[in-house]
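The structure under discussion appears below in the form of structure tokens.
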Amino acid sequence: MRRRAAEPGSPRAARRRRALGKLTARERVELLLDDGSFLETDPLARRRATAAGAADGGRPLGDGVITGTGTVDGRQVCVYAQDATAAHGSVGEVFGVKVGKLLDLALRVGCPVVGMIDSSGARLEEGVPALSAYGRVATRVVNASGMIPQISVVMGVCAGGAVYTPAATDFVVMVDRTSHMFVTGPDVIRSATGESVGLEALGGAGVHATRTGSAHYAADDEEDAVAFVRDLLSFLPDNNLTEPPSLPADGRLTVTARDAELDAVVPDADGRPYDMREVLARVVDDGEVLEVHQEFARNVLCGFARVDGRVVGVVASQPLHLAGALDADASEKAARFVRFLDAFGLPIVTFVDVPGFLPGTAQEHGGIIRRGAKLGFAYIEATVPKVTVITRRAFGGGYAVMASRDLGADLCFAWPTAQIGVMGARGGVDLLHHRELAAAEDADALRRSLADAYEQRLTSPYAAAERGVLDDVIAPAETRVTLVKALRALRNKRVAPLPKKHGNIPL
């Protein structure tokens, strides 16, 4: 019987899946975990006999989900994988029991959980117990949130109420063309609204990675998805009471030729775009940032990196998209990432080049006030070390919510190219001096003169430093060394919690 439990529920279904480029549930688990490390739990569990499925063939061992524990790069993780070859991976009472026990185990030992989702949905013949299974798992996912990292890998269909459990985990990975998430399927939409939509366009990996933000990464195939998860785990702590793995640092505190390349990254012409990734590549260890939500809200970058061998979370404006302006999606993307970093004690490094919030009725009607407030709220709440570097523009509300000193940044630096203020010189001069400009014989010459004075008096980083808004104005080439020193200084930061249950973030 034990040997039978390790076999696919239907060999024919397994062959069909391989023809479609899909792995079986057990193959997925083995691909994720170190060789020979998997310890399976509840392999002999089976749903109760019913009139609809009293025979063994109708009640597969394991009941359509594989659960257990193993290691990734020698570190303990718990993993479950829905087996679509057994009763189509449908969810019944046993799913709730098995996965619930696994999540309880993960919380007790303090290790990450990886869930591999591939299911046809709740098992019709089980009725309410099938729905209760979702509730059992969802309750544990929420209770474990902020205590152990939770990653969901959607490798097939995830539909209806089942989508809310992976959505409540920390990271969601999907596979291009073979995984789909949706609340109501194409047939329901067509009957209710008359709208015809294909499965991929409704809830494919591309849609959720670029438009809805429900997926943090869209993998090319299942191997790519698992490789991303392994990389992601290498940056994460086991739990909220431990630190992630650190790597040896060279301890160098001198400016190198590569550091000096930063002096030429920001264009001389104000308003010309540049790629913030070019800055990050010269600041973090090995020039590597593992981005999440890379294709969603591309005007802000979020990802994991190492500085001085230790893991940090990076939030950065991206001037290549929308000139780095914040919109509703970017605000939520960055806010959720900041809250994750804070929950697991990871320092936050913020790079700022933001002209403000994106204007327009679409943004106003899309809730930019409520959704933009989330980012400031998240930064203020965060008690981990926070270091900010302003590379060019930091205007208006965008300046405030991007980890400004007044919102709780521990240390805040700016390059000499930085401009910090309510708005840029062009708009500010037109507002402050519109009458003089209208009466001037040479309005362009007067505007240039007034703009120079405006920049010196109101937006210069040195003016901000005089008022203590900045801790220093540094040469771009000094950024890496400054960050290393700042993060070392903040390593033992401690903040006493306020006497409250929790804040009420504007969800």
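The values are calculated or read from the model by the stated rules, or taken from the named source; none is laboratory data. It should be emphasised that the depicted structure is a prediction, and the values quoted were computed from it without experimental measurement. Here the Cβ is made from the backbone with ideal geometry for all residues, glycine too, and neighbour counts use every protein chain on show.
Do we have any residue at all in region 416-423 that's assigned by TED's automatic domain parsing to the domain that holds Asp472, in a loop (DSSP other than H, G, I, E, B), under 18 Å from Val307 (Cβ atoms) and touching a Pro at 6+ places or on another chain (Cβ under 6 Å)?
Within region 416-423, not a single residue is assigned by TED's automatic domain parsing to the domain that holds Asp472, in a loop (DSSP other than H, G, I, E, B), under 18 Å from Val307 (Cβ atoms) and touching a Pro at 6+ places or on another chain (Cβ under 6 Å).
Within region 223-251, track down each residue that is over 18 Å from the mean Cα position of the chain (by Cα), surrounded by 12 or more Cβ atoms within 10 Å (Cβ to Cβ) and assigned to a loop (DSSP other than H, G, I, E, B).
Going through region 223-251, the residues over 18 Å from the mean Cα position of the chain (by Cα) turn out to be 223, 241-243, 245-251.
Keeping just the survivors that are surrounded by 12 or more Cβ atoms within 10 Å (Cβ to Cβ) gives 223, 242-243, 245, 247, 249.
Correct list: Thr242, Glu243, Pro245, Leu247, Ala249.
Output the residues belonging to region 377-386 that are surrounded by fewer than 24 Cβ atoms within 10 Å (Cβ to Cβ) and either in contact with a Ser or Thr (Cβ under 9 Å, 6 or more places away or on another chain) or charged (D, E, K, R) (or both).
Glu381
Looking at Thr178, Thr184, Thr139, which is the one that is in the same structural domain as Ala87 (by TED's automatic domain parsing), more than 18 Å from the chain's Cα centre (by Cα), assigned to a loop (DSSP other than H, G, I, E, B) and surrounded by fewer than 19 Cβ atoms within 10 Å (Cβ to Cβ)? Full working, then the answer.
Working: Thr178 fails: surrounded by fewer than 19 Cβ atoms within 10 Å (Cβ to Cβ); Thr139 fails: assigned to a loop (DSSP other than H, G, I, E, B).
Of Thr178, Thr184, Thr139, the one residue that is in the same structural domain as Ala87 (by TED's automatic domain parsing), more than 18 Å from the chain's Cα centre (by Cα), assigned to a loop (DSSP other than H, G, I, E, B) and surrounded by fewer than 19 Cβ atoms within 10 Å (Cβ to Cβ) is Thr184.
Being touching a residue at least 40 places away in the same chain (Cβ under 8 Å), in a strand (DSSP E or B) and either under 29 Å from Asp220 (Cα atoms) or aromatic (Phe, Trp, Tyr) (or both) narrows it down to one residue among Val338, Val352, Val315; which is it?
Details: Val338 fails: in a strand (DSSP E or B); Val352 fails: either under 29 Å from Asp220 (Cα atoms) or aromatic (Phe, Trp, Tyr) (or both).
Of the residues listed, the single one that is touching a residue at least 40 places away in the same chain (Cβ under 8 Å), in a strand (DSSP E or B) and either under 29 Å from Asp220 (Cα atoms) or aromatic (Phe, Trp, Tyr) (or both) is Val315.
Report, by residue number, each residue of region 267-278 that is at pLDDT 95 or above, surrounded by fewer than 23 Cβ atoms within 10 Å (Cβ to Cβ) and not basic (Lys, Arg). I'd like the intermediate steps shown before the answer.
Restricting attention to region 267-278, the residues satisfying the condition of being at pLDDT 95 or above are 274-278.
Add one more test, that the residue is surrounded by fewer than 23 Cβ atoms within 10 Å (Cβ to Cβ), and what stays is 274-275, 277-278.
Tyr274, Asp275, Glu278, listed by residue number.
If I ask for residues that are aliphatic (A, V, I, L, M), without any contact (Cβ under 8 Å) to a residue 60 or more places away in the chain and farther than 24 Å from Phe235 by Cα, which ones from region 355-379 would you list? Show your work before the answer.
Just the residues of region 355-379 that are aliphatic (A, V, I, L, M), to begin with: 358, 362, 368-369, 373, 375, 378.
Now narrow it down to the ones that are without any contact (Cβ under 8 Å) to a residue 60 or more places away in the chain: 358, 362, 368-369, 375.
Residues satisfying the conditions are Leu358, Ala362, Ile368, Ile369.
Check Val307, Val315, Val289, Val338 and return the single one that is buried (at least 20 other Cβ atoms within 10 Å of the Cβ) and in contact with a Ser or Thr (Cβ under 7 Å, 6 or more places away or on another chain). Quick ask: steps written out before the conclusion?
Details: Val307 fails: in contact with a Ser or Thr (Cβ under 7 Å, 6 or more places away or on another chain); Val289 fails: in contact with a Ser or Thr (Cβ under 7 Å, 6 or more places away or on another chain); Val338 fails: in contact with a Ser or Thr (Cβ under 7 Å, 6 or more places away or on another chain).
Just one listed residue meets the conditions, Val315.
Would you check which residues across region 209-222 are polar (S, T, N, Q), closer than 21 Å to Ala168 by Cβ and in a helix (DSSP H, G or I) and list them?
First, the residues of region 209-222 that are polar (S, T, N, Q): 210, 212, 214.
Now narrow it down to the ones that are closer than 21 Å to Ala168 by Cβ: 212, 214.
Thr212, the sole residue that qualifies.
When you check Val163 against the structure, is it surrounded by fewer than 23 Cβ atoms within 10 Å (Cβ to Cβ), among the aliphatic types (A, V, I, L, M), closer than 24 Å to Thr24 by Cα and in the same structural domain as Ala215 (by TED's automatic domain parsing), yes or no? Steps first, please.
Values: surrounded by fewer than 23 Cβ atoms within 10 Å (Cβ to Cβ): yes; among the aliphatic types (A, V, I, L, M): yes; closer than 24 Å to Thr24 by Cα: yes; in the same structural domain as Ala215 (by TED's automatic domain parsing): yes.
The answer is yes for Val163.
Determine, yes or no, whether Thr210 is over 22 Å from Gly64 (Cα atoms), under 16 Å from the mean Cα position of the chain (by Cα) and surrounded by fewer than 18 Cβ atoms within 10 Å (Cβ to Cβ). Let's see the steps before the verdict.
On the way: over 22 Å from Gly64 (Cα atoms): yes; under 16 Å from the mean Cα position of the chain (by Cα): yes; surrounded by fewer than 18 Cβ atoms within 10 Å (Cβ to Cβ): yes.
Yes.
For region 279-294, name all the residues that are in a helix (DSSP H, G or I) and β-branched (Val, Ile, Thr). Can you show your working first?
If we filter region 279-294 for residues that are in a helix (DSSP H, G or I), which is where we start, we get 279-281, 285-287.
Of everything in region 279-294, just one residue is in a helix (DSSP H, G or I) and β-branched (Val, Ile, Thr), namely Val279.
Which residues, counting only those in region 65-85, are modelled with pLDDT of 95 or more and farther than 9 Å from Met116 by Cβ?
Matches in region 65-85: Thr67, Gly68, Thr69, Gly70, Thr71, Val72, Asp73, Gly74, Arg75, Gln76, Val77, Cys78.
Considering each residue of region 352-370, count those that are charged (D, E, K, R) and surrounded by 21 or more Cβ atoms within 10 Å (Cβ to Cβ), and give that number. I'd like the intermediate steps shown before the answer.
Taking region 352-370 first, the residues charged (D, E, K, R) are 353, 364, 370.
So of that shortlist, the ones also surrounded by 21 or more Cβ atoms within 10 Å (Cβ to Cβ) come out as 353.
Number satisfying all stated conditions: 1.
Hey, can you tell me all the residues within region 80-136 that are surrounded by fewer than 18 Cβ atoms within 10 Å (Cβ to Cβ), more than 24 Å from the chain's Cα centre (by Cα) and part of a loop (DSSP other than H, G, I, E, B)?
Gly127, the sole residue that qualifies.
Report the residue count in region 187-206 for those that are in a helix (DSSP H, G or I) and not β-branched (Val, Ile, Thr).
Pass one, region 187-206, residues in a helix (DSSP H, G or I): 187-193, 199-203, 205-206.
Imposing the further condition that a residue be not β-branched (Val, Ile, Thr) reduces the set to 187, 190-192, 199-203, 205-206.
The total comes to 11.
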